[in-house]
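The values are calculated or read from the model by the stated rules, or taken from the named source; none is laboratory data. Just so you know, these numbers come straight off a predicted model, no measurement behind them.
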Amino acid sequence: MHPVYIYALNDPVTGQTRYIGKTIDIQKRLKKHIQNARKEKCHRAYWVCSLLDRGLRPEIEMLAQIPEPEWQKWETDYIAYFHSMGFNLTNTTAGGEGGPLLPETCAKIRAATLGVKNHNFGKHFSFETRAKISVARKGFKHTPETCEKMRLARLGKRHTTETRLKIAAGNSGKTFSPETRSKISAAQLGEKSHSFGKRRSLETRSKMCVAQSQRREKEKLLCLPTKHR
């Protein structure tokens, strides 16, 4: 079993730590960072490239030698510690192989891909492209864990009035063909229905009853003839 080292990449000018990682060979790892800087697309690689462009190289420092089975925990702890000390690390994850993205990283990615910054902004996929996407996703199902995460993420969220009006305007005048209606009906019959075998609570049934009554009243008002003076 090889010894594993937790290391830091430091700025040669300021001495500030900019990256925390793990390796089994300190010097080989430094060479890899330098060799791959032009090939990789990540915050750390861009920082290394900025040093290389000025004729500089990052400095590597060994922080700890640890047992191999424990490296994920140690790397995660070191990254969290350096973040808490205010170091501007280029790490995009919390540490450990396949670790989740940091909240700060998620926020930066979101800001960088919103609106006109998104590479698909204003684009309309051709019928052929949409057909390919449809075929590629046919039969795809989210895992129960993913479904639960999506449910929790949406829980309690409501569309704004502006968004609801936009959705209503977008759907206004649209009608499904008989064939489409038949498919929707077949997809929701019996056990395929999301409500199959479920019993709604008394509270839920009461809310549905009130909502239907309000909808009927609104429809009656819309159907009233206009009075002319």
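Miscellaneous remarks
- When R181 is tested against (1) within 22 Å of C147 (Cα to Cα); (2) in a helix (DSSP H, G or I), only condition (1) is not met.
- Residue list for the stretch 138-166, filter: of a type in the set (A, V, I, L, M, F, W, C), modelled with pLDDT under 85 and assigned to a helix (DSSP H, G or I): C147, M150, L152, A153
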